[in-house]
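Reading through the structure tokens given below for one structure.
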Amino acid sequence: ITFISKKKIRMTISIIHNTNSYPTKMPYTKLIQTFPRLCTGGTLTMAPDPEKNGALAPVEGAVTEYMKEMKELHVEAMPEVVAHEYHPFFDSSDLGPADWALLANDIKANYLHFDGFVVLMGTDTMAYAATALSFMLENLGKPVVFTGSQIPLSEPYNDARRNLIMALIFASRDTINEVSIFFHDRLIRACRATKVNTHRLLAFDSPNLEPLAKIGITIDENEHLSLPPARGALRIHSRMDTRILAIRLVPGFDDACIRHMIEKGAESRSLRALVLQLYGTGNIPSVKGRFIDLLRDAVDSGIHVIASTQCFTGSVMMGHYATGQALEGAGVVSANDMTLEAISCKVAYLLGRGDLRYDEVSDLMGVSLRGEVTPAEALSPPPLSSAFQRASRKGKKYY
């Protein structure tokens, strides 16, 4: 792979929990050319820690030192990298909307100085963080690539080295200008990604959308999935409303506890959105008429009720079965084929904006803002559909 001109990339290494300097232009440790790298800790940054009897732990500064010794990064065709480590390191499970907002604001503060951004963090909540940034960064015109690893960079055999190198390469290309995750052999749209494995190198996948690119001997991009170019200057939406509850239903569930949570949440205004992971295409037991009434009451009290599917692939089709039609009649909104990460981050972003009415939020849940959802008219036709329904959707392409 060759680059016409040397570019500047930024990497972020660990998330700072110091809001006194937020947002700020980051202090840089110059390594090679310049792309920013931002790091939040995680497995990739682990090394034997002398203070813990040599046990593996995130070690501040270790990745920067390793990168200085990586000959691949000093090749003429590679972009220039600037590293910034936040202090202290945090486990990704401890990171939330405030930390994601810090990342977004730091990217905004340094947006004009770099051609792309790489974020290193732990894998446990990477899909949530990357999805959140895809909504926070409106009119993004440069690549922001998240990556991490299953095996630390300090180990002789690891996946960290390739993930890091490829994240830098994708951040230096100007063909995929959105928030994405690179892992193993593929680049995935952030708001379509989910973690699928705890111990294999292919830790992330995109259930309902092809990868944006896959690597082999060459880099193969799915150009038909590219998002439209940015229509204006970069805008940051750093406020997310976290008054959200997600519930996965199981057969025989007792809806009394759900009723209690909804009633108390509506009374105290501590619940603004309820995400229900339902069976199949969005079904619940037909004998639970009182549960439908409960959801209708929740909607009437101003709580957004969103129906998603428990299936790994596929979509909610609320109008196909009788129970789905009942949910639709109660005001429940379909999540279509969005991941749970995309649903939760999108509704938190929409509610956090503060300028949208209840009905506008509901309508926008079904609209593709960052490529996170397939338009209803592009979904596969339901089972037992007519030949006309199948033919009318054949061959259409949507991002």
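I244 meets the stated requirement of being within 27 Å of D205 (Cα to Cα) and either in contact (Cβ under 8 Å) with a residue 40 or more places away in the chain or in contact with a Lys or Arg (Cβ under 9 Å, 6 or more places away or on another chain) (or both). For region 187-197, check the following and say yes or no: at least one residue is modelled with pLDDT of 95 or more, open to solvent by 40 Å² or more (accessible area, probe 1.4 Å), among the hydrophobic types (A, V, I, L, M, F, W, C) and assigned to a loop (DSSP other than H, G, I, E, B). Yes, there is a match, as at least one residue in region 187-197 is modelled with pLDDT of 95 or more, open to solvent by 40 Å² or more (accessible area, probe 1.4 Å), among the hydrophobic types (A, V, I, L, M, F, W, C) and assigned to a loop (DSSP other than H, G, I, E, B).
Within region 202-221, the set of residues being part of a loop (DSSP other than H, G, I, E, B) and surrounded by fewer than 16 Cβ atoms within 10 Å (Cβ to Cβ) comprises L202, P207, E210, G216, I217, T218. Residues of region 368-377 include none that is modelled with pLDDT of 90 or more and closer than 21 Å to L249 by Cβ.
For S270, the conditions (1) more than 20 Å from A322 (Cα to Cα); (2) of a type in the set (S, T, N, Q); (3) buried (at least 21 other Cβ atoms within 10 Å of the Cβ) all hold with the exception of (3). Within the option set S21, S14, being open to solvent by less than 10 Å² (accessible area, probe 1.4 Å), small (G, A, S) and at pLDDT below 60 holds for one residue only, S14. The condition of being farther than 30 Å from S180 by Cβ, modelled with pLDDT of 95 or more and either open to solvent by less than 30 Å² (accessible area, probe 1.4 Å) or of a type in the set (G, A, S) (or both) holds for only one of I343, I292, I303, that being I303. Of the residues making up region 357-370, those that are open to solvent by less than 50 Å² (accessible area, probe 1.4 Å), more than 16 Å from E328 (Cβ to Cβ) and either touching a Gly at 6+ places or on another chain (Cβ under 9 Å) or not basic (K, R) (or both) are V361, L364, S368. Scanning region 237-261 for residues that are assigned to a loop (DSSP other than H, G, I, E, B) and surrounded by 12 or more Cβ atoms within 10 Å (Cβ to Cβ) returns H237, S238, R239, M240, D241, T242, R243, L249, F253. Filtering region 112-148 to residues that are assigned to a helix (DSSP H, G or I) and either modelled with pLDDT of 95 or more or closer than 24 Å to R161 by Cβ (or both) leaves M126, A127, Y128, A129, A130, T131, A132, L133, S134, F135, M136. Quick check: is even one residue across region 118-138 surrounded by fewer than 24 Cβ atoms within 10 Å (Cβ to Cβ), more than 14 Å from C191 (Cβ to Cβ) and acidic (D, E)? Taking every residue of region 118-138 in turn, at least one turns out to be surrounded by fewer than 24 Cβ atoms within 10 Å (Cβ to Cβ), more than 14 Å from C191 (Cβ to Cβ) and acidic (D, E).
Among the residues of region 104-117, just one is under 17 Å from R239 (Cβ atoms), touching a Ser or Thr at 6+ places or on another chain (Cβ under 8 Å) and open to solvent by 10 Å² or more (accessible area, probe 1.4 Å), namely N105.
The values are calculated or read from the model by the stated rules, or taken from the named source; none is laboratory data. On a predicted model such as this, the values are computed, not experimentally measured, just so you know. No Cβ is skipped: glycine too gets one built from the backbone with ideal geometry, and neighbour counts run over all protein chains shown. Side chains are part of the model used for accessible areas, which takes the heavy atoms of the whole protein and leaves out ligands, DNA and RNA. Shrake-Rupley method; radii C 1.70, N 1.55, O 1.52, S 1.80 Å.
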